[in-house]
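Have a look at the structure below before the remarks.
The values are calculated or read from the model by the stated rules, or taken from the named source; none is laboratory data. Quantities reported herein were computed from a predicted structural model and do not represent experimental measurements. Using ideal geometry, Cβ is built from the backbone for each residue, glycine included, and neighbour counts are taken over all protein chains shown. Only protein heavy atoms, including side chains, enter the accessible area calculation; ligands, DNA and RNA are left aside. Shrake-Rupley method; radii C 1.70, N 1.55, O 1.52, S 1.80 Å.
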Amino acid sequence: MQPAYLARLSQSVQEFVHKVEQDSGLQVEVFGDSALNVAGPLGQGRLEVSIEPRRLRLFVPTNGYFPDGAVRHEFLHIQRFHVQRVPKLALASAMRWDQGIAERLTDIDNALEHIVIVPLEIELHPERKPHWEEVMADVCGGLRAIPDSERRLAVCLHWAFLRYVLPDSPQVQVIQDFMKEHSLSAVANDFADQLLAVLESKEEMLRVLARAFPEIEREGAAMEYLRGLPGNAGS
């Protein structure tokens, strides 16, 4: 990370940035992007990270939004994939490229990663809890707009996150009411039970996902390692 950006962080986050860069063997390049200035749940800005096998980029607003907790969040993602070498859900290399499916799999994988990452983020940066409360308020406010074909998967992922990360959130009641209305309470709780029991292993998390939603495998999903060979998501 460039010194000018690093100097804006607390000592503990600076140390974490250095450790992740050292352990990964890669430097993170920071780029300002004014399009991010009014993004995020509170309209204050949002950070985005691009994690590639040999290049790491962090895109940040140009309005000064660069909070410790948000930076740690993105570096936790980098640590997971580049240091801990956990797999990500991605379109198998043998499949014909489909941008829509690839982006959908990335979104699903991001949801799984947040169940692991956000609790640590909030523990180290309690000021980030309102951010995630607002994220989930937006999510739950949009439940009725989810297409029927995607409803079960979305509800299961959102419910697992709320149950584990924000169990006292007002959104718990909102999503519970929605699940009851659509007869999804049993399936969502069963999925959460299985997923939360294997958080120590990303491979097992992806296998739980594949068993519950076999259509993901049919779309060509695979376990992809940034440094290694991909494997079938349900293997």
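Taking Phe16, Phe31 and ordering them by how much accessible surface each has at a 1.4 Å probe, largest first, produces Phe31, Phe16.
Stretching Glu200 away from Ala102 to a fully extended chain increases their span by 32.8 nm, per 0.36 nm per residue minus the current alpha-carbon distance. Counting only protein heavy atoms, what percent of the accessible surface of region 119-173 is carbon or sulfur at a 1.4 Å probe? In region 119-173, the share of accessible area belonging to carbon and sulfur is 52 percent. Just check region 83-187 against the gyration tensor rule for me: Cα atoms, a ≥ b ≥ c as the square roots of the eigenvalues, rounded for a/c under 1.5, and otherwise prolate or oblate depending on whether a/b exceeds b/c. Because a/c hits 1.5 or more and a/b fails to exceed b/c, region 83-187 counts as oblate.
Among the trypsin sites (Lys or Arg not before Pro) within region 90-175, those in coil by DSSP and having at most 13 neighbouring Cβ atoms inside 10 Å are Arg96.
Taking Arg46, Arg207 and ordering them by how much accessible surface each has at a 1.4 Å probe, largest first, produces Arg46, Arg207. Put simply, the amide H of Ala90, placed in the peptide plane, has neighbours under 5 Å in Ala222, Glu224, leaving out anything fewer than 5 places away on its chain.
Of the beta bridges in the chain, as assigned by DSSP with both residues counted there, near 65 percent are antiparallel. Approximating the spin labels as points 7 Å out from Cα along Cα→Cβ, the Val38-to-Asn110 distance works out to 2.0 nm.
Phi angles of region 167-172 translate, via the Karplus equation with coefficients 6.51, -1.76, 1.60 and θ = phi - 60°, into HN-Hα couplings of x, 9, 5, x, 6, 4 Hz per residue; Gly and Pro are given as x. In this structure the chain gives 49 Å² per residue of accessible area when probed at 1.4 Å with all protein chains present.
Once Kirkwood radius over Cα pairs in Å is calculated for the structure shown, the corresponding label among (1) 20.9; (2) 18.7; (3) 20.1 turns out to be (2). Give me the lysines in straight-line cross-link reach of Lys202: C-alpha distance below 21 Å, same-chain residues under 8 apart excluded. In chain and number order, the partners are Lys88.
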